[in-house]
Each structure stands twice: as structure tokens, then as C-alpha cells.
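These notes concern the structure reproduced below.
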Amino acid sequence: MFENTIDKKLEFNGARKKLTKQVQYIVLHHSGASADQTVEQIHAYHLGKGWIGVGYNLLVDKNGNMYWGRGIDYVGAHCKGYNEISIGICAIGNMETDTMTKAQKENIIKLVREVKEYYPSISKIVGHKELEATSCPGKNYPLSEIINAANENIDKNSTEKQSCEEALLKEGDIGNNVSAMQSKLVALKYDLGYIDGIFGVKTKAALIAYQKAKSLSETGCLDSNTYAHLNEDVAEFKLPQIKKGSTGEYVKMLERLLDKRKYSLEEDGIFGKLTEAAVISFQKKSGLGADGIVGVKTWHALLS
């Protein structure tokens, strides 16, 4: 949280007051000046107004760089009557005439989400103009878009956390069940490295890609709904018997599954001598009849 927020080591003209009341608001601002304005310049301007220093708690420039102002634990000077119960986030630039950059918008959303996580008591995200008679944060400030996106991220994170707590498998798990899930993902052309029974970063990324493609909740965990879809998409009893001389997509699937078990096969869709040798080796290791023919039992072993 806040790990990418830059500390400019600003020197304040006096002690910053600690936030002691329950924080209820995030207030969104623009600086109202050039997008090339620096945090130091804003700090100097606010010192010139007789303040102890920059009034915003956090600032984001046009390049998406995030900066500490007053800080997350201190009372700001950005919204009269609400400073002791709010956190102020400023977009550097004049949003009456400028248009917010994608990087700036994305990182304001990121900060809003992190501030709300830091202060769970926050119930409202508002523009400055909703609390005071002002045009801030400007007519071009994408206020609704930022608020909606931030809240969607919060809701999504909450759903994902709950889903993973109840999941069949999640990152960090190991064992045969992980291998079976990996095998099905590989069969469906999702790249996760080797089928090793370890639910790591690559496996999670492959699972999220599958969930996205199927319009499922992108939790990165194997929940019951994702499990059902995987089993339906790779139903063993529907897979055909293939052997030396066979060609096509099912041969490619076989080659992918064997290659990810370190048999080093080229995915060319041709069931030749090398593929047959790999199948026989796999069948022997799996305690199956080593005939080189891939039927229901061999498919089952490959996918479990």
C-alpha cells in the first residue's frame, strides 16, 4: 500500500497535526495551474499563503507519478470545514482547460482505493465542489469515472478475497489437484510453464486468462464455477482415440500435454515416432498398458 508514492522530503513551517477524528471523505481536487507545476512549487505557494506547507495529503502529476503532500496521517488544508475528517488528493493541472492523462487518472484511482483501504471508515468520495462553493476539480475532471472505477475495484477486491477464501485451489497450493487443473489449462492452450503441481504466479495468470475468456469472475483461484467450466471444456470421455498416423488438433493437445511434462515434443499435430515413444514412456510411468494408443485411460492420466 502506497509503495510507489514518492516522498519529496518537504520541509513544513511547523508541526503537522495528526488526524484524530474518524475519516469520512476522500476529496478530489485539481491544482488549478499548469500541468508542469511541481510538488515543490505547490508547497512553496501554500507556504506563501501562511500555511505550514502543501495542503493536499497526496498529489498525482500528469505522468502518473504519485507524491506525498501532508501525508496520510495528517490533517490537510484543502477543504474548509472537512480537513479533519477527509483526505485530499490533488491532480496537478488545470482541469478547467486541460484533459487528464490516462496515467494520471489510473493512479488517482489507485490512490483512492488505497486510501479507502487505509481508512475503512470512509463512506464518500467527492469532488471539492460538492463541499465548498468552488469549480474545483474542474469541468474536465473525470469525476464520476474515477469514483465509479475506484468503487468497482474495491468491490472486485472484496469479491475476489471472499472467493479465494472459499476456493477449491488458490495460489500457494501444491499437489495432484493442482496438476489436474494445470493439465486442463494446458490442453486448452494456456501457457503456464510445466505441469508441476505448484500453483504459482504463471498458473494464476493462466487461470485468470481462462476466467476472462469465459466471462467468469477473474479471481485467479479455482472456484467451483471455474472448475465446472474447465471439466466441461475438457471432458475426457469426449476426447477421441488417437495413435500413430493421427493428425489434427487433438494430436496438438496431446503434444502440449506431453511437452509440459518435459517430453520435448514439437506441437505439429502429427502423431509420429517421437510422439508414440513419449506416449509409451508416459503410459509406463502411469501404470497403463504401454501400447502407444491414447484412449480414455491415457487421456484421464494426462489430465489428472
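Quick one: which residue in Thr38, Thr20, Thr5, Thr99 is among the β-branched types (Val, Ile, Thr) and within 19 Å of Cys136 (Cβ to Cβ)? Write out each step before concluding.
Values: Thr38 fails: within 19 Å of Cys136 (Cβ to Cβ); Thr20 fails: within 19 Å of Cys136 (Cβ to Cβ); Thr5 fails: within 19 Å of Cys136 (Cβ to Cβ).
The match here is Thr99.
Could you list, in sequence order, the residues of the stretch 283-304 that are of a type outside the set (Lys, Arg), touching a Leu at 6+ places or on another chain (Cβ under 7 Å) and over 15 Å from Val251 (Cα atoms)? Break it down stepwise before answering.
First pass over the stretch 283-304, keeping only residues of a type outside the set (Lys, Arg): 283, 286-296, 298-304.
Next cut, touching a Leu at 6+ places or on another chain (Cβ under 7 Å) only: 294, 298-299, 301-302.
Matches in the stretch 283-304: Ala301 only.
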Quiz item: Before we move on, is Lys184 more than 17 Å from the chain's Cα centre (by Cα) and within 30 Å of Thr97 (Cα to Cα)?
Solution: no
Quiz item: When you go through (1) under 24 Å from Ile198 (Cβ atoms); (2) touching a strand residue (DSSP E or B) at 6+ places or on another chain (Cβ under 6 Å); (3) of a type outside the set (Gly, Ala, Ser); (4) loosely packed, with under 14 Cβ neighbours inside 10 Å one by one for Thr247, which number turns out not to apply?
Solution: (1)
Quiz item: Is one or more of the residues making up the stretch 232-243 assigned to a loop (DSSP other than H, G, I, E, B) and among the small types (Gly, Ala, Ser)?
Solution: yes
Quiz item: Any idea which residue in the stretch 90-121 is modelled with the highest pLDDT, counting only those that are farther than 14 Å from Val60 by Cβ and touching a helix residue (DSSP H, G or I) at 6+ places or on another chain (Cβ under 8 Å)?
Solution: Lys116
Quiz item: Given (1) surrounded by fewer than 20 Cβ atoms within 10 Å (Cβ to Cβ); (2) farther than 21 Å from Arg16 by Cβ; (3) in contact with a Gly (Cβ under 8 Å, 6 or more places away or on another chain); (4) at pLDDT 95 or above, where does Leu143 come up short, assuming only one miss?
Solution: (4)
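Within the bounds of the stretch 285-298, is there any residue that is among the β-branched types (Val, Ile, Thr), loosely packed, with under 14 Cβ neighbours inside 10 Å and not in a loop (DSSP other than H, G, I, E, B)?
Looking for residues that are among the β-branched types (Val, Ile, Thr), loosely packed, with under 14 Cβ neighbours inside 10 Å and not in a loop (DSSP other than H, G, I, E, B), one finds at least one in the stretch 285-298, hence yes.
The values are calculated or read from the model by the stated rules, or taken from the named source; none is laboratory data. Every value quoted in this text rests on a predicted model; they were computed, and no experiment measured them. As a convention, Cβ positions derive from the backbone with ideal geometry for all residues, glycine included, and neighbour counts pool all protein chains shown.
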